[in-house]
Ligand code: GLN
């Protein structure tokens, strides 16, 4: 497919390998991001699920936070899933610390409570169609600011948004066999 591009996958913690498998399946080159030099020459980046607090701390410690924020502000396409969405959010409803904070939305962490911490469902995503969604101690988007496109909702909660070069999902597209979200992201590049 697109042999001309290289996508970085943030690989400091969490479910990054599964995103690499998806990219491999689509024939797209990828590189694991573990230090700031790894950011050189990437055409897009994926922020995987995991634990946003740990990921945020590691981004600072490894010196990745500032350069990555600048790259995203300057238009680097980013696909953020679950904890990745929390990293991108400008506001976090139930956390005093924000991280990359380039996506003008308010997210709520662990938003579905303990009982419904993890569940699967299928819902429509704008531009993509019906998609099998896997939620694991997931956030949802509580509020969006101007210019943010809402791509999907589940039970009236926003679970997928797009703002310019930033695609944020509350669920885990890498844990399904469906590559259509990764394909859509690659087409954004
Ligand atoms: N609960 C995690 C957090 O708050 C996100 C969970 C996930 O990425 N699956 O960071």
Item to complete: Hey, can you tell me all the residues within the stretch 6-26 that are part of a helix (DSSP H, G or I) and surrounded by fewer than 17 Cβ atoms within 10 Å (Cβ to Cβ)?
Response: 17, 21, 24, 25
Worksheet item: Does the stretch 56-70 contain at least one residue that is assigned to a loop (DSSP other than H, G, I, E, B) and within 12 Å of the ligand (Cβ to nearest atom)?
Response: no
Discussion item. Against the condition away from the ligand (no atom under 13 Å from the Cβ) and either under 25 Å from residue 3 (Cβ atoms) or in contact (Cβ under 8 Å) with a residue 40 or more places away in the chain (or both), how does residue 39 come out, does it pass?
Written reply: yes
Worksheet, complete the sentence: Among 105, 141, the single one that is in a strand (DSSP E or B), surrounded by 21 or more Cβ atoms within 10 Å (Cβ to Cβ) and away from the ligand (no atom under 14 Å from the Cβ) is 105
Worksheet item: So is residue 98 within 13 Å of the ligand (Cβ to nearest atom) and either modelled with pLDDT of 95 or more or closer than 26 Å to residue 183 by Cβ (or both) or not?
Response: yes
Discussion item. I'd like to verify a number: residues in the stretch 27-43 that are farther than 30 Å from residue 117 by Cβ and not in a helix (DSSP H, G or I), how many?
Written reply: 9
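The values are calculated or read from the model by the stated rules, or taken from the named source; none is laboratory data. Given the structure is predicted, the values throughout are model-derived calculations rather than measurements. Ideal geometry is used to build each Cβ from the backbone, glycine not excepted, and the neighbour counts take in all protein chains shown.
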